[in-house]
Amino acid sequence: MGLGDALKQPDRFVWIGLHEPTEELLREVQRAFGLHDLAIEDAHRAHQRPKLERYDDGLFVVLRTAQMNRDQRRIEFGETHLFVGRRYVVSVRHGASLSYAEVRARCEAMPQLLCMGPGFVLYALMDFVVDHYFPIVDALEDELEALEDEIFGEQFSRGTTRRIHELKRDLLEIKRAVSPLVDVCNRLMRFDLELIPEDTRPYFRDVYDHVIRINEIVDNLRELLTSALEANLSLISVSQNDAMKKLTGWAAIFAVPTMIAGIYGMNFRWMPELEHPLGYPAIMGLMLGACGFLYLQFKRSGWL
Amino acid sequence: MGLGDALKQPDRFVWIGLHEPTEELLREVQRAFGLHDLAIEDAHRAHQRPKLERYDDGLFVVLRTAQMNRDQRRIEFGETHLFVGRRYVVSVRHGASLSYAEVRARCEAMPQLLCMGPGFVLYALMDFVVDHYFPIVDALEDELEALEDEIFGEQFSRGTTRRIHELKRDLLEIKRAVSPLVDVCNRLMRFDLELIPEDTRPYFRDVYDHVIRINEIVDNLRELLTSALEANLSLISVSQNDAMKKLTGWAAIFAVPTMIAGIYGMNFRWMPELEHPLGYPAIMGLMLGACGFLYLQFKRSGWL
Amino acid sequence: MGLGDALKQPDRFVWIGLHEPTEELLREVQRAFGLHDLAIEDAHRAHQRPKLERYDDGLFVVLRTAQMNRDQRRIEFGETHLFVGRRYVVSVRHGASLSYAEVRARCEAMPQLLCMGPGFVLYALMDFVVDHYFPIVDALEDELEALEDEIFGEQFSRGTTRRIHELKRDLLEIKRAVSPLVDVCNRLMRFDLELIPEDTRPYFRDVYDHVIRINEIVDNLRELLTSALEANLSLISVSQNDAMKKLTGWAAIFAVPTMIAGIYGMNFRWMPELEHPLGYPAIMGLMLGACGFLYLQFKRSGWL
Amino acid sequence: MGLGDALKQPDRFVWIGLHEPTEELLREVQRAFGLHDLAIEDAHRAHQRPKLERYDDGLFVVLRTAQMNRDQRRIEFGETHLFVGRRYVVSVRHGASLSYAEVRARCEAMPQLLCMGPGFVLYALMDFVVDHYFPIVDALEDELEALEDEIFGEQFSRGTTRRIHELKRDLLEIKRAVSPLVDVCNRLMRFDLELIPEDTRPYFRDVYDHVIRINEIVDNLRELLTSALEANLSLISVSQNDAMKKLTGWAAIFAVPTMIAGIYGMNFRWMPELEHPLGYPAIMGLMLGACGFLYLQFKRSGWL
Amino acid sequence: MGLGDALKQPDRFVWIGLHEPTEELLREVQRAFGLHDLAIEDAHRAHQRPKLERYDDGLFVVLRTAQMNRDQRRIEFGETHLFVGRRYVVSVRHGASLSYAEVRARCEAMPQLLCMGPGFVLYALMDFVVDHYFPIVDALEDELEALEDEIFGEQFSRGTTRRIHELKRDLLEIKRAVSPLVDVCNRLMRFDLELIPEDTRPYFRDVYDHVIRINEIVDNLRELLTSALEANLSLISVSQNDAMKKLTGWAAIFAVPTMIAGIYGMNFRWMPELEHPLGYPAIMGLMLGACGFLYLQFKRSGWL
């Protein structure tokens, strides 16, 4: 049975998955399903922000997908564009993204849900994409904890600062990828869209909930990161303060015997202390005493 | 009288409390009261954010509970999931949370209120959960005051910075647990929900009020904490500045006699001062005078 | 004429003022005017945030009152709870607050306004409470100016930092006491409340205006305080920078003659300069010249 | 023709301008035009925030006027209160403000516009007041540029910090004076006010536009000022860092020959180098070499 | 066929492009198309913020255009004013802006779209203007990356701070130029404007999307810039801390032998060590040992 026939059957729909298609292939798909020019241009160019657009009788949904590249500890982003109509779902993947074969398998295992139509497939795909953000934010939470340990263990170094900056950058990226979905889910839940039957709405509320939670975790991480950065700066200041006090203390302790020694190194003809047999031990004692006194003073006031 | 019979009586309702139930038990409860799949999944997985969801003829409410662990000075969070229908209230507790036996006892002591139905029980449980946040924010207020005393008593140390960071983290947690309740209460107060009779609305307004107050106290604490952190940094800077000035002052005072002594330690054949019998006392006087002069100067300008 | 009779007369109303009443007295008042349980509980417990609540046929208004304690330079807060019905106004005062006898006298002097009913009394009381915030924010403005003089006069000290922190705390308190009144006034001005006749509305608009102004002044003060704090930190840094440059400069100036003196203090047998009769004055001249040269250099570049 | 007669003529209106009137005069005006008590009180007390209020059949508008006092480089603020009715416009000026004679002359030169009635006069006055803010924000822009030149030319001084603080204060003042006008213009443009005929609306849209632009410029200036302040702090830190490195570098360079000289200043009987005829030049060479080596090292690593 | 004739033909429209026209020419255009006085004044004065205004039967749109001046690495801004009516499009260019000849050529190549009327031309012009912001924000992203490399490569200098400030200024400018277009596009997409036929709406949604993306990129850049600035400050502090510790360490290492040498440079008659033939090597050994010990200590604790 060809595509055309399938589309004519009232209780069936077609689900096509494309990965970085050529423009030619996209145009073919456009002709088959009667998709809008602007949506196809978007799907080809990629670099769209997540959004939901309604064209006559179809929906065009853009999602950003994310995957943790464990080797390089980097997050890789991709895009998925979905065309959803009464009789079709077309997914177009760009960049880093898992195949949706798993989603298809899961859907086919639940025929009673799948028969809700393309709306349910849209839910399944969005749920899949959104759920893949959880391990990523978990990894970033671990990263923040490691940073906190470094900061409060005072093993801070230039690298700490760089990692804080990179963590911030990652959080901004995720925020940009996820936060527009709040609005997308809201519209799918509330607006009167023929394509989304009443009983799939609670499912989109579930996606909405996950999106809100990822958003909250990201906001939380950003606030904690800011706080950690401030703690870092504060501890560097305290450490500098301590170094300064230590410097002052030891400088004073060394300066005293140096000065005394300098005095008795003067070549005046008439310096009675120099002639006295007990002069040397007395002066050495004075030096030791002065140093000891200063040391105790500084120790007591916490400078050393 | 079995559960089935109880549910059939028009003027009665069932109130069941579960603590970290098995999935099997939850499924049984689901069958008995006809609860929605997604809500049951949420109740089993926990780690939900506080929310109110409406399913056909029932409400699903998620609350975050909190308890102060006095020994370790840590706040422990738990979750309570409530299913409220016309004839039933089911509470599912996860993690740190007090038993609701106390709420039940209190409700049973007020039969005239209890006969308002499950809506009143929902109020009683929410009120109980929210009121347990007050001792916690009080404890955090005490903690902040202790921190302020440390900071302004200038006993600040690395530990102060760490405690500021941890206090911030706690406040963020509480904020996340309480602030979604503003919206939940608002919807319970305003929307036309059959389950909440008109005369229980003022009670939810009371809960709403408490939630707003906890929120305000938390916001207040966060602003004061930020201000305290800035004061801390500012005082460290002042302290560093003082150390710097002291260092400069004492370095100058010691440098002068050391330099003079160095000069009269030179081995030039022709240095008339060295031959003079008053050379030594004169030079010593000069040294003392210079040091004294510098000391007074620095004292006057506040450097020492 | 008893209270009961007074309440029955269509064109009269009762105005009762209580100060920290016992629970018993409150219950009596409740019975007399038919007030709601929750409102009475609030009125007894105090520690409410400012709010306006509507119960059946009456209003319950909570206001925070403030007074400057000139001796200790502290602001003391109190609460006033107002019950307003068609035939009664009950005010309950807690904590620091002036007696409302003055308001009563003023109202009685304007019978043409008083005959607008309890709504006008509500206005008169709110106006009285709000107007008492103006001298307080004026005092805080003076405090800020004194702080600015300290900071820019560079007499900053640890005390300055503490006062900035305390001023912030006071501003937060006032903000919390006044800002909820924006909403309260708005509702009194706009909503269709039978108790507030059309021609008293402009009076509530007047209160609204004052509340907005206090809010604006407080926000302004907070921004200026933040700016002053930054200026403070910036000036401390500049001061530290100057101390650092001075330290470096003087250290260099003293180090040169000390080094030269050290060289000519060496005990080498063959050091021709030492034998020369002009060696000493030449070296002294060199030292002075080097010091003078360095001094001028540092002076020119602004380090000294 | 008296005032009373003028007010009776259907196609005429009276335009009165007062400057800091006595209370008596205000009361007379009130009687003549039937103005509301509260508005007259406001007009007499001044210190109002900009607002638009509607009384029965008239409008009461408060504007804040501003003038640059070129001599003292200070901005002086005044207030203008406008009463606008069907047959009258009354302007009351307080504090620093230009006379509105110029506005009157301009209006009289455009009789076709003036015949739109008091609404057009209101526009002309508001336009005049708002347009006088442009030279002021221009002056503040120049001030900011001068500050930036100072900061990046690193001629920063204590005065820079003070001027930044004062510029912030000025911007806050202007913001407070102008931003309430956004709302005022909006209401004049949109609400169905009989006094503002349909064809004067585009004129108020023009004023609205200017207000928005002044607001934007002020916000912009505040952000740039914040950025400049941060740049200032950052440059002070860099400068301090440089001073610190220079100090360390020079201290090390001087310390080496001083230490070597000290060693050969020791009085040990058996120090063979001292006896050697080349000892002195060799040691001097060593000193010079060490200093030169250190100097080059520090130069290469950017410390000197 | 003259302009008048063209305007009379129902299915035609006139498209006129002006570049910095004289007032005279503008007045002529005004007469020909019946444009509003205020719009013409705006178009002549320039320095408007982007906006959309509706006059009777026409639209007046102000856009800010931007071009990167590659030689001086500066962004140059211009303005384009568009008058759109049923039968005409008039574009007035001021300052830096490309000619719209390219847009005209593109439009003429798509006659099926052009026949949608002036609304489509408005889209084509807005799209052209907005798309020219993309290369500019790309250039700023490159600039930020270069800055980050400088900061984390620790080649930071005074210039880095200046460039951060200038980048912030550029971002503010672009934000001001682009963000009002969100509202403009929204109104063109949603409001019932006769001039914008239903089927051109998706095109304006496309422009809207681009505007949102530019806004997002700019916001992102600003956050990253702030983070980079903080990293910069943090690294300067760390670097200062290191310099401080190095200074303290080396000062201590040099101070010890200088002090010991000073002691044995004293001229006491009775100093037995001086007489001993092994005194000198023993003391030299002591000096070396002390220095070595200190060096290792400091090395181990990370100070050197």
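A few remarks follow.
- The condition (being out of contact with any Asp or Glu (no Cβ under 7 Å at 6 or more places or on another chain) and closer than 30 Å to D:Gln240 by Cβ) is satisfied by just one residue among E:Thr258, E:Thr200: E:Thr258.
- Only one of the listed residues (D:Arg49, D:Arg74) is in contact (Cβ under 8 Å) with a residue 60 or more places away in the chain and touching an Asp or Glu at 6+ places or on another chain (Cβ under 9 Å). That residue is D:Arg49.
- Exactly one residue out of B:Asp138, B:Asp127, B:Asp149, B:Asp142 is touching an Asp or Glu at 6+ places or on another chain (Cβ under 9 Å) and either of a type in the set (Asp, Glu) or in a strand (DSSP E or B) (or both), and it is B:Asp127.
- All positions within region D:19-46 that are in a helix (DSSP H, G or I), in contact (Cβ under 8 Å) with a residue 40 or more places away in the chain and either closer than 22 Å to D:Leu188 by Cβ or within 12 Å of chain C (Cβ to nearest Cβ) (or both): D:Phe33, D:Ala39, D:Ala43
- Among residues of region D:278-304, those that are within 12 Å of chain E (Cβ to nearest Cβ), assigned to a helix (DSSP H, G or I) and either touching a residue at least 40 places away in the same chain (Cβ under 8 Å) or over 21 Å from E:Ala255 (Cα atoms) (or both), counted: 2
- Residues of region A:239-252 satisfying the condition of being among the polar types (S, T, N, Q) and either in contact with a Gly (Cβ under 9 Å, 6 or more places away or on another chain) or facing chain B (nearest Cβ under 7 Å) (or both): A:Gln240, A:Asn241, A:Thr248
- Only residues that are within 12 Å of another protein chain (Cβ to nearest Cβ) and open to solvent by 40 Å² or more (accessible area, probe 1.4 Å) were counted across region A:142-152, and they come to 2.
- Of all the criteria given as (1) touching a helix residue (DSSP H, G or I) at 6+ places or on another chain (Cβ under 9 Å); (2) closer than 19 Å to E:Asp209 by Cβ; (3) open to solvent by less than 20 Å² (accessible area, probe 1.4 Å), the one not satisfied by A:Ala46 is (1).
- Against the numbered list (1) facing another protein chain (nearest Cβ under 9 Å); (2) touching a Phe, Trp or Tyr at 6+ places or on another chain (Cβ under 6 Å); (3) more than 30 Å from B:Arg158 (Cα to Cα), A:Arg162 comes up short only at (3).
- E:Asp183 in a helix (DSSP H, G or I), within 13 Å of chain D (Cβ to nearest Cβ) and closer than 22 Å to A:Leu52 by Cα: yes
- Residue within region E:196-208 that is of a type in the set (Val, Ile, Thr) and modelled with pLDDT under 90 present: yes
- Scanning region B:47-57 for residues that are within 12 Å of chain A (Cβ to nearest Cβ) and not polar (S, T, N, Q) gives B:His47, B:Arg49, B:Pro50, B:Lys51, B:Leu52, B:Glu53, B:Arg54, B:Tyr55, B:Asp56.
- Considering residues of region D:225-238 that are in contact (Cβ under 8 Å) with a residue 60 or more places away in the chain and open to solvent by less than 10 Å² (accessible area, probe 1.4 Å) only, the residue farthest from the other protein chains (Cβ to nearest Cβ): D:Leu225
- Boolean, C:Glu173 is acidic (Asp, Glu), within 13 Å of chain B (Cβ to nearest Cβ) and either surrounded by 16 or more Cβ atoms within 10 Å (Cβ to Cβ) or touching a residue at least 12 places away in the same chain (Cβ under 8 Å) (or both): yes
- Residue in region E:99-116 that is touching a strand residue (DSSP E or B) at 6+ places or on another chain (Cβ under 8 Å), closer than 23 Å to D:Asp209 by Cβ and either surrounded by fewer than 20 Cβ atoms within 10 Å (Cβ to Cβ) or touching a residue at least 24 places away in the same chain (Cβ under 8 Å) (or both) present: no
- For D:Leu52, the conditions (1) assigned to a strand (DSSP E or B); (2) loosely packed, with under 15 Cβ neighbours inside 10 Å all hold with the exception of (2).
- Residue under evaluation E:Asp206, criteria (1) out of contact with any Leu (no Cβ under 6 Å at 6 or more places or on another chain); (2) open to solvent by less than 30 Å² (accessible area, probe 1.4 Å), criterion not met: (1)
- Boolean, E:Arg213 is under 30 Å from the mean Cα position of the chain (by Cα), at pLDDT 85 or above and within 14 Å of chain D (Cβ to nearest Cβ): no
- Pick from region E:93-115, criterion under 17 Å from E:Ala177 (Cβ atoms) and outside any loop (DSSP other than H, G, I, E, B), ranking: farthest from the chain's Cα centre (by Cα): E:Arg93
- Selection status of D:Leu288, within 56 Å of the chain's Cα centre (by Cα) and more than 17 Å from E:Leu288 (Cβ to Cβ): no
- Hits in region B:253-277 (condition: farther than 15 Å from C:Tyr280 by Cα, open to solvent by 40 Å² or more (accessible area, probe 1.4 Å) and more than 7 Å from every other protein chain (Cβ to nearest Cβ)): B:His276
The values are calculated or read from the model by the stated rules, or taken from the named source; none is laboratory data. The structure presented is a predicted model; accordingly, all values stated were derived computationally and were not measured. Positions of Cβ are backbone-derived with ideal geometry, glycine not excepted, and every protein chain shown enters the neighbour counts. Surface areas here come from the heavy atoms of the whole protein model, side chains and all, with no ligands, DNA or RNA. Shrake-Rupley method; radii C 1.70, N 1.55, O 1.52, S 1.80 Å.
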